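Participant: Before I ask anything, let me first share the structure, which is written out below as structure tokens.
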Amino acid sequence: MNVLFHIDESLKWAMVLGNIQNMIQYFDQEAMHYRIELVANGPAVCELQDAVSEKMGFKNALLSLSSNIRICACRNALRGNHISPELLLPFVEIVPAGVVEIALRQTEGFFIY
């Protein structure tokens with residue numbers, strides 16, 4: 001199963017990370033093959049900064065998930081929020097546009113949440 005989680009609101013990080021962890025646990029329990037991608041755009045890219053994610057308490061969860069999922073930040077949102085790529089967690093991939101990344105994954109059969 002291929003699943004893409006999309007987050008564009010900073011206040012929803014805890015919920016999204018919890019949902020991803022629950023999904024991975026279910027897939028592992030059922031011995032199901034999966035691909036999960038997380039795409040952050042809008043203000044939600046701020047929490048992908050190393051210092052901010054640590055301050056907010058998300059850094060360890062993101063680090064743990066990074067070995068099982070692809071975590072992406074929208075380049076346009078980074079620019080719009082004046083965030084330099086060097087400030088991001090080292091495992092975060094930058095995609096040119098979050099909405100394009102979502103659309104591309106949708107054409108590949110990813111379920112979007």
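The values are calculated or read from the model by the stated rules, or taken from the named source; none is laboratory data. None of these values were measured; they are calculated from a predicted model. When we count neighbours, we look across all protein chains shown, and the Cβ atoms used for this are built from the backbone with ideal geometry, even at glycine. Accessible surface areas use protein heavy atoms only, side chains included; no ligands, DNA or RNA. Shrake-Rupley method; radii C 1.70, N 1.55, O 1.52, S 1.80 Å.
Participant: Got a sec? Which of ASP50, ASP28 is closer than 18 Å to LEU89 by Cα, surrounded by fewer than 20 Cβ atoms within 10 Å (Cβ to Cβ) and either among the aromatic types (Phe, Trp, Tyr) or at pLDDT 95 or above (or both)?
Facilitator: Numbers: ASP28 fails: closer than 18 Å to LEU89 by Cα.
Testing whether each residue is closer than 18 Å to LEU89 by Cα, surrounded by fewer than 20 Cβ atoms within 10 Å (Cβ to Cβ) and either among the aromatic types (Phe, Trp, Tyr) or at pLDDT 95 or above (or both) leaves just ASP50.
Participant: State which residue pairs qualify: first residue within 15 Å of GLU86 (Cβ to Cβ) and inside the stretch 34-55, second residue of a type in the set (Lys, Arg) and buried (at least 21 other Cβ atoms within 10 Å of the Cβ) in any location, beta carbons under 8 Å apart, and separation of 6 or more residues or different chains.
Facilitator: The qualifying pairs do not exist here.
Participant: Let me ask something else about it. Mind checking whether some residue in the stretch 10-21 is open to solvent by less than 40 Å² (accessible area, probe 1.4 Å), under 13 Å from LEU88 (Cα atoms) and at pLDDT 95 or above?
Facilitator: Checked against the condition, which is being open to solvent by less than 40 Å² (accessible area, probe 1.4 Å), under 13 Å from LEU88 (Cα atoms) and at pLDDT 95 or above, the stretch 10-21 yields no hits at all.
Participant: Is at least one residue of the stretch 94-108 under 10 Å from LEU48 (Cβ atoms) and modelled with pLDDT of 95 or more?
Facilitator: There is at least one residue in the stretch 94-108 that is under 10 Å from LEU48 (Cβ atoms) and modelled with pLDDT of 95 or more.
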